[in-house]
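Engineer: Encoded as structure tokens, here's the structure I'll be asking about.
Read-outs: derived from the displayed coordinates by stated rules, not from any lab. Owing to the predicted nature of the structure, the values given are computational and were not obtained by experimental measurement. Note that we place each Cβ from the backbone using ideal geometry, even for glycine, and neighbour counts take in every protein chain shown.
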Amino acid sequence: EAGVTQFPSHSVIEKGQTVTLRCDPISGHDNLYWYRRVMGKEIKFLLHFVKESKQDESGMPNNRFLAERTGGTYSTLKVQPAELEDSGVYFCASSQERGRGGYTFGSGTRLTVV
Amino acid sequence: QQQVKQSPQSLIVQKGGISIINCAYENTAFDYFPWYQQFPGKGPALLIAIRPDVSEKKEGRFTISFNKSAKQFSLHIMDSQPGDSATYFCAASKSSNTGKLIFGQGTTLQVKP
């Protein structure tokens, strides 16, 4: 079984630019989550999709962040315009069932905004 | 507000020793407590998890101890090995919720040979 795939693995952009992160979950996993870890801090929840629907986006920092999951397969997370404080590692995770763990995380995208 | 507090931030243990990482939570509605292990350049991977109806769960060299009244849980790594060197995260969630995890800040463990 292929794991959760994220790309790019690294991205360095200038403040004010736009970046789009992509996540391909495990096939058949309806639940898809985005998390972010800012340097040295805890991994924080951003949002949760069930298929193509946003179930919980309470962790999204502000309206510069836009997540989509068209067709209920892969998901994208766009940051526009990027700010310095957006730097961190963005993780995607998927699961078959929600609320019972069983998450599989991707390797993350390390975003650096300079 | 940090809902799950993890300590220590870093830990150095000799090979063969016991590594202990502690977490405390605030929300009594949490009912699932997993530990994740993360190696550099990789995503967190589920190591072991516990639900509050048991006080201890053991899988190989890894044991979770859970104290519901104190709202604390800990990870014990027995006979620690250099290959255990990684970052460990505790987390908590509510099954009735979306399944989102609330993570602790992480502990970087180094096991010296």
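Engineer: List the strands (runs of 3 or more DSSP E) inside segment A:20-69, counting only whole elements, that have at least 1 residues being under 10 Å from the mean Cα position of the chain (by Cα) and facing chain B (nearest Cβ under 10 Å).
Structural biologist: Hits in segment A:20-69: A:31-37, A:43-50.
Engineer: Is it the case that segment A:16-23 has a residue that's hydrophobic (A, V, I, L, M, F, W, C), in contact (Cβ under 8 Å) with a residue 40 or more places away in the chain and closer than 26 Å to B:Q9 by Cβ?
Structural biologist: no
Engineer: Something else: Could you tell me whether A:S75 is within 11 Å of chain B (Cβ to nearest Cβ), out of contact with any His (no Cβ under 6 Å at 6 or more places or on another chain) and either farther than 23 Å from B:S95 by Cβ or among the hydroxyl-bearing types (S, T, Y) (or both)?
Structural biologist: No: the conditions fail for A:S75.
Engineer: Can you list residue pairs whose Cβ atoms sit under 6 Å apart, with the first residue in segment B:1-22 being surrounded by 17 or more Cβ atoms within 10 Å (Cβ to Cβ) and the second being part of a loop (DSSP other than H, G, I, E, B)? Count only pairs 6 or more apart in sequence or on different chains.
Structural biologist: As it stands, the answer is B:V4/B:G104; B:Q6/B:G104; B:Q6/B:Q105; B:V13/B:S80; B:S19/B:S80, since those pairs meet every condition given.
Engineer: Just for segment B:95-105: of the residues that are surrounded by fewer than 22 Cβ atoms within 10 Å (Cβ to Cβ) and within 13 Å of the chain's Cα centre (by Cα), which one is nearest to the other protein chains (Cβ to nearest Cβ)?
Structural biologist: Across segment B:95-105, the extreme among qualifying residues is B:Q105.
Engineer: Anything in segment A:62-71 that is touching a strand residue (DSSP E or B) at 6+ places or on another chain (Cβ under 8 Å) and either surrounded by fewer than 16 Cβ atoms within 10 Å (Cβ to Cβ) or under 25 Å from B:F89 (Cα atoms) (or both)? List them, or say none.
Structural biologist: Once the filter is applied, which keeps residues that are touching a strand residue (DSSP E or B) at 6+ places or on another chain (Cβ under 8 Å) and either surrounded by fewer than 16 Cβ atoms within 10 Å (Cβ to Cβ) or under 25 Å from B:F89 (Cα atoms) (or both), segment A:62-71 yields A:R64, A:L66, A:E68.
Engineer: Scan segment A:44-101 for residues that are free of Cβ contacts under 8 Å to residues at least 60 places away in the same chain, among the hydroxyl-bearing types (S, T, Y) and within 25 Å of B:A45 (Cα to Cα) and jot them down.
Structural biologist: A:S58, A:T73, A:Y74, A:S75, A:T76, A:S87
Engineer: From (1) under 15 Å from the mean Cα position of the chain (by Cα); (2) assigned to a strand (DSSP E or B), pick out the condition that doesn't hold for B:P52.
Structural biologist: Just one mismatch for B:P52, condition (2).
Engineer: Tell me, please, whether a residue that is surrounded by 15 or more Cβ atoms within 10 Å (Cβ to Cβ), away from every other protein chain (no Cβ under 14 Å) and aromatic (F, W, Y) can be found in segment A:88-111.
Structural biologist: Within segment A:88-111, none of the residues are surrounded by 15 or more Cβ atoms within 10 Å (Cβ to Cβ), away from every other protein chain (no Cβ under 14 Å) and aromatic (F, W, Y).
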